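Report on the following structure.
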Amino acid sequence: MSARNREWPVALALTPALILILAPFIWLVISSFKTEAEIGQADPFTWPADLMWRNYLDAWQIGGFGDLVGNSLINLIGVVILSLLTCAPAGYALAKIRFPGREWLFYAFILGLTVPVQAIVIPLYQVLFGLDLVNTLAGIVLVQVSNGIPFGIFLMRSFFIGVPDDLIEAAKIDGASHVQILTKVFLPISTPAVQALVIISALSTWNDFFLPLIVLISPEVQTLPLGLVRFASTYASDYRLVFSGTVISFLPIILLYILMQRRFTEGLTQGAIKG
């Protein structure tokens with residue numbers, strides 16, 4: 001029995017679960033193109049008579065989604081860049097540079113995975129308040145980066161451990177420093193791990209609701225999840241606007257994941273095998 005033939009039973013077994021997972025999203029997308037009268041019909045999966053693209057334009061204008069998307073993009077780009085700048089060097093140092101206390105330091109970072117952010121939200125807020133970073137995008141970027149550092153270091157270290165030490169020795173013979181080894185040798189061959197870190201950071205940042213709720217107060221600096229909740233509560237009775245706004249909120253990050261899904265899987269599996 002070929003490998004392809006063995007995959008069919010697994011695919012058939014997973015199909016019902018896939019339908020259950022996708023059904024709410026399909027219903028939401030279909031409903032976002034309906035009129036209020038069509039949304040109130042008994043059959044929720046009825047196709048709309050006309051595709052109401054106007055729903056998205058109204059939701060975008062009324063809900064101020066342009067500013068919300070802009071804030072979320074600034075937040076996402078800041079978190080992704082800072083995560084790479086911190087997790088890649090730290091993962092390299094913990095994987096390839098021998099120094100006293102290296103293992104204990106790594107375990108200390110891993111311990112951060114066991115601490116829920118809700119447990120430290122009060123001291124976290126006090127620190128941001130003392131630095132005058134409450135209600136700023138810079139403040140939420142720093143908080144989300146620090147929250148994701150433990151996993152980011154674990155991921156990069158797991159991948160770097162599998163890189164042969166001979167590459168380091170050869171680079172040192174050519175006079176390369178550790179910074180040059182990381183940027184010119186390790187990072188170019190660790191593209192799957194880097195892309196996996198980018199996707200994980202982007203997903204968690206774009207969808208994060210709790211931390212922005214604590215840090216961001218003014219509507220003009222709020223990110224998309226906060227703005228969507230405020231918009232949905234204000235126009236709770238106008239389902240076409242709420243549904244359209246919800247699709248706007250999750251569509252960009254789903255497209256990003258679909259485009260980079262293969263690299264995301266490669267990064268996680270290679271890191272797990274090498275670690």
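Against the main long axis of the alpha-carbon atoms of the chain, helix 65-96 sits at an angle near 20°. P(r) tail for the chain: Cα pairs beyond 24 Å make up 62% of the total. Multiplying the residue separation of Ala49 and Ala37 by 0.36 nm and subtracting their alpha-carbon distance yields 3.2 nm. Accessible surface calculations at 1.4 Å, restricted to protein heavy atoms, place the stretch 59-273 at 51 Å² per residue. A Cβ-based charge dipole, computed about the Cα centre of the stretch 1-116 with Lys and Arg at +1 and Asp and Glu at -1, lands at about 840 debye.
Summing Lys and Arg as +1 and Asp and Glu as -1 over all other residues whose Cβ lies under 14 Å from the Cβ of Ile97 gives a net charge of +2. Taking Cα centre as origin and charging only the Cβ of basic (Lys, Arg, +1) and acidic (Asp, Glu, -1) residues, the dipole magnitude of the chain rounds to 760 debye. Between the alpha-carbon centres of the stretch 190-243 and the stretch 117-181 there is a gap of 22 Å. With a Cα cut-off of under 30 Å and a minimum spacing of 8 residues unless on different chains, the lysine pairs in the chain number 6.
Of the chymotrypsin sites (Phe, Trp or Tyr not before Pro) found in the stretch 4-57, those that fall in a DSSP loop while having at most 11 other beta-carbon atoms within 10 Å are Phe45, Trp53.
Once both axes come from the Cα atoms, what is the angle between helix 191-207 and the longest principal axis of the chain, in degrees from 0 to 90, rounded to 10? Approximately 40 degrees, to the nearest 10. The gain in end-to-end length when the Glu169 to Ile81 segment is fully stretched comes to 28.8 nm, 0.36 nm per residue minus the alpha carbon separation.
Each of Val29, Leu105, Ile153 was placed along the dipole of the stretch 1-160 (beta-carbon charges, centred on the mean Cα), and the one lying farthest toward the positive end is Leu105. Starting from the Cα of Phe210, move 7 Å in the Cα-to-Cβ direction to define the label point; list residues of the stretch 131-149 whose amide nitrogen is under 14 Å from there. Answer for the stretch 131-149: 144, 147-148.
When a/c is below 1.5 the answer is rounded, else prolate if a/b is larger than b/c, else oblate, so apply that to the stretch 4-46 with a ≥ b ≥ c taken from the square roots of the Cα gyration tensor eigenvalues. Prolate. Could you check how much of the accessible area of the chain is carbon and sulfur, as a whole percent, using a 1.4 Å probe? The value for the chain is 70 percent carbon and sulfur by accessible area.
Label separation (Ala176 vs Ile161): 2.2 nm, computed from points 7 Å beyond Cα along the C-beta direction. Per residue of the chain, the DSSP helices (runs of n ≥ 4 H) give a summed -39500 (n - 2.57) that works out to -24000 deg cm²/dmol at 222 nm.
For Ile122 and Thr183, what does the FRET efficiency come to when R0 = 30 Å and r is the distance between their Cβ atoms, rounded to the nearest 0.05? With a Förster radius of 30 Å, E is 0.20.
The values are calculated or read from the model by the stated rules, or taken from the named source; none is laboratory data. Given the structure is predicted, the values throughout are model-derived calculations rather than measurements. We place every Cβ from the backbone using ideal geometry, glycine too, and count neighbours over all the protein chains shown. For accessibility, only protein heavy atoms count, side chains too; no ligands or nucleic acids. Shrake-Rupley method; radii C 1.70, N 1.55, O 1.52, S 1.80 Å.
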